[in-house]
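What follows is a set of notes on a single structure, which appears directly below.
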Amino acid sequence: MLIIGASLLSFALVAADATPSFACSEARTIVEKTICQELNLAEADRDLAAVFAKLRDSFDSKRRQSLIAGQRAWLKLRAKACVPSDETSDGEIKVSDCLRAVYAQRANELQREAELQSVTSDPKYHGHDVNMEELLDQKRNLAHYYPTEMSQLVYAGDYPRPGYLPKTCRELYTLTSGNWRYGGDTIGLNSEGTASSTCGLAVLSAANYAARTASEWRSRFDDPESYSVEFTCLVPEESGCLGAPEHTTSYRAALARAHRKIEHSATPYWPPEDMSKAKPMVVSGRYYYVDGFNFGIGQVAVGDFTGMGRKEALIILGYHDSHATLSGTKLVLGYYDNECNCVRPTELDARNIWKDWPLKLPTRP
C-alpha cells in the first residue's frame with residue numbers, strides 16, 4: 001500500500017505541474033480548452049513555449065521579430081488546422097489527436113532552427129545567415145495546376161469546408177500536419193508533390209556552406225547529358241536500380257558506349273506510339289526524353305548543403321511517361337561525382353522534410 005500510495009502521490013504531483021503556457025481559466029476556444037483538458041497536450045504546449053523562449057532570447061533583433069511574428073502566425077494556423085470553427089468540433093477526427101500532430105510539427109521546426117543557429121554561428125561556417133521564420137512565411141506559388149482550385153487542400157474531417165491553396169510553406173506544413181489533405185488521385189498527388197518539393201528545396205537550401213562560390217558550378221546541374229543513368233531509377237516503375245554499376249555513368253557516356261546519339265531539339269520530344277522507333281535521348285534545354293520518360297529540371301539550388309565539401313544541387317525533377325499515365329515530382333539532392341564525371345542523385349522525402357531531416361549539417365573541420 002505504501003508503494004501504491006507513493007505512486008499515486010508522484011502521479012498527482014506530475015499532473016498538478018502539467019499546465020500549459022497560458023492560464024486555463026482564460027481558455028475560450030475549443031483548441032485552448034482541449035489543451036487544458038489533455039495532460040500530454042498541456043505538456044506539449046509548455047515545452048514548446050520553453051523552446052520558443054530559449055530561441056527568442058538567443059536571436060538577434062531581426063530574427064527575434066521574425067520568430068515572434070512566425071509564432072503568432074502558427075497560433076492562428078493551429079486552430080485552422082484542427083477545428084472547422086471555434087464553435088464546432090469534428091466528430092470524425094479528434095481535435096486532441098490533430099493538435100498532437102500539429103504541435104509535433106512545430107516542435108520539429110523550432111528544433112531545426114536551434115540546430116541551424118548552432119551551425120551558422122560557428123566561425124568555420126562560410127554560408128549566409130538563415131532566417132527560417134522569414135523563409136516559412138515567404139509567399140510562394142505552390143500550385144501545380146491552373147486553375148489553381150485544382151491544387152487546393154481539402155479538410156479531411158466530416159465538417160464541410162471550402163478547399164484552400166497554401167500560400168506559404170508555414171501554411172502547407174501546419175495545415176497538412178493537421179486535418180487538411182491533398183486528394184488521393186493523380187491531381188492530388190501531383191499537387192502535393194509540387195508543393196512539398198518547392199518548400200523542401202527552400203528549407204533545405206537555406207544553410208549553404210558554399211553560398212558564395214556555388215554559382216561557378218551551376219552549369220554542371222543544368223546539363224541533363226551529365227546526369228547519371230540513375231536518374232531514370234527515380235521513376236517508380238524503374239526503382240531498384242540506384243547504385244547499380246551499369247547506371248553509375250552519365251547518359252552521355254552510356255549512349256556513346258552503345259553507339260547511340262543524343263539529339264537536341266528546340267521543343268520537348270514526344271515519342272511515337274511504336275516505342276521501338278523512339279529516339280534514345282532528346283535534350284531540349286532543361287527538358288529531356290530518355291527510356292520512355294520525359295523529364296523536366298525545375299528549380300535548382302546549387303551549393304554544399306551537407307557540409308561534405310562536394311559540389312551539390314537541390315533539384316526539383318518532374319517526370320511523366322510517354323503515354324502520360326504515370327507522372328510525378330521528385331526532390332533530389334544531386335552531387336557531382338568526379339569518378340564517373342557525372343551528377344548522381346539521392347532522392348529526398350519532401351513530404352516528411354521536418355520529421356526525418358535528410359541533410360545533416362556537420363561543422364566543417
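When only residues in region 17-69 that are surrounded by 13 or more Cβ atoms within 10 Å (Cβ to Cβ), of a type in the set (Gly, Ala, Ser) and free of Cβ contacts under 8 Å to residues at least 60 places away in the same chain count, which is nearest to Ala101 (Cα to Cα)?
Ala42
Might you let me know whether region 284-292 holds any residue that is surrounded by fewer than 22 Cβ atoms within 10 Å (Cβ to Cβ), on the phi < 0 side of the Ramachandran plot and β-branched (Val, Ile, Thr)?
No, region 284-292 contains no residue that is surrounded by fewer than 22 Cβ atoms within 10 Å (Cβ to Cβ), on the phi < 0 side of the Ramachandran plot and β-branched (Val, Ile, Thr).
If I filter region 228-241 for residues that are part of a loop (DSSP other than H, G, I, E, B), of a type in the set (D, E, K, R) and modelled with pLDDT of 90 or more, do I get at least one hit? Talk me through it step by step, then tell me what you get.
Pass one, region 228-241, residues part of a loop (DSSP other than H, G, I, E, B): 235, 239-241.
Now drop any that are not of a type in the set (D, E, K, R), which leaves none.
No; the residues of region 228-241 include none that is part of a loop (DSSP other than H, G, I, E, B), of a type in the set (D, E, K, R) and modelled with pLDDT of 90 or more.
Ala211 is checked against (1) touching a strand residue (DSSP E or B) at 6+ places or on another chain (Cβ under 8 Å); (2) modelled with pLDDT of 90 or more and fails just one. What number does that condition carry?
Every condition holds for Ala211 apart from (2).
Quick one: which of Gly193, Gly184 is assigned by TED's automatic domain parsing to the domain that holds Ser96, in contact with a His (Cβ under 8 Å, 6 or more places away or on another chain) and over 23 Å from Gly70 (Cα atoms)? Can you show your working first?
Numbers: Gly184 fails: in contact with a His (Cβ under 8 Å, 6 or more places away or on another chain).
None of the others qualify; the one that does is Gly193.
Keeping to region 173-227, report how many residues are in a helix (DSSP H, G or I) and either touching a residue at least 24 places away in the same chain (Cβ under 8 Å) or closer than 16 Å to Gln152 by Cα (or both).
Of the residues in region 173-227, 33 are in a helix (DSSP H, G or I) and either touching a residue at least 24 places away in the same chain (Cβ under 8 Å) or closer than 16 Å to Gln152 by Cα (or both).
Got at least one residue in region 267-275 being surrounded by fewer than 18 Cβ atoms within 10 Å (Cβ to Cβ) and closer than 20 Å to Asn341 by Cβ?
No: zero hits.
Matching residues to (1) of a type in the set (Gly, Ala, Ser); (2) in contact with a Leu (Cβ under 6 Å, 6 or more places away or on another chain):
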| residue | (1), (2) |
| --- | --- |
| Thr148 | no, yes |
| Leu204 | no, yes |
| Ala211 | yes, no |
| Trp217 | no, no |
| Cys233 | no, yes |
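Among Tyr335, Tyr269, Tyr251, which is within 15 Å of Ser228 (Cα to Cα) and touching a Lys or Arg at 6+ places or on another chain (Cβ under 7 Å)?
Result: Tyr335 is the single residue among Tyr335, Tyr269, Tyr251 that is within 15 Å of Ser228 (Cα to Cα) and touching a Lys or Arg at 6+ places or on another chain (Cβ under 7 Å).
Here are some residues: Arg260, Arg344. Which one is surrounded by fewer than 21 Cβ atoms within 10 Å (Cβ to Cβ), modelled with pLDDT of 90 or more and touching a strand residue (DSSP E or B) at 6+ places or on another chain (Cβ under 8 Å)?
Matching residue, one of Arg260, Arg344: Arg260.
Tell me, yes or no, whether region 73-85 has at least one residue that is among the β-branched types (Val, Ile, Thr), in contact with a Leu (Cβ under 8 Å, 6 or more places away or on another chain), within 22 Å of Leu175 (Cα to Cα) and at pLDDT below 95. I'd like the intermediate steps shown before the answer.
Here is the first cut: in region 73-85, the residues among the β-branched types (Val, Ile, Thr) are 83.
Then drop every residue that is not in contact with a Leu (Cβ under 8 Å, 6 or more places away or on another chain), which leaves none.
Checked region 73-85: no residue is among the β-branched types (Val, Ile, Thr), in contact with a Leu (Cβ under 8 Å, 6 or more places away or on another chain), within 22 Å of Leu175 (Cα to Cα) and at pLDDT below 95.
Of everything in region 298-327 that's closer than 16 Å to Thr232 by Cα and buried (at least 18 other Cβ atoms within 10 Å of the Cβ), which residue is modelled with the lowest pLDDT?
Among residues in region 298-327 that are closer than 16 Å to Thr232 by Cα and buried (at least 18 other Cβ atoms within 10 Å of the Cβ), the one modelled with the lowest pLDDT is Ser322.
Considering Thr186, Thr194, which residue is among the hydroxyl-bearing types (Ser, Thr, Tyr), surrounded by 21 or more Cβ atoms within 10 Å (Cβ to Cβ), farther than 14 Å from Val343 by Cβ and at pLDDT 85 or above?
Numbers: Thr186 fails: surrounded by 21 or more Cβ atoms within 10 Å (Cβ to Cβ).
It is Thr194.
The values are calculated or read from the model by the stated rules, or taken from the named source; none is laboratory data. Please read these numbers as outputs of a predicted model, since none were measured by experiment. Virtual Cβ from ideal backbone geometry, glycine too; neighbours counted across all protein chains shown.
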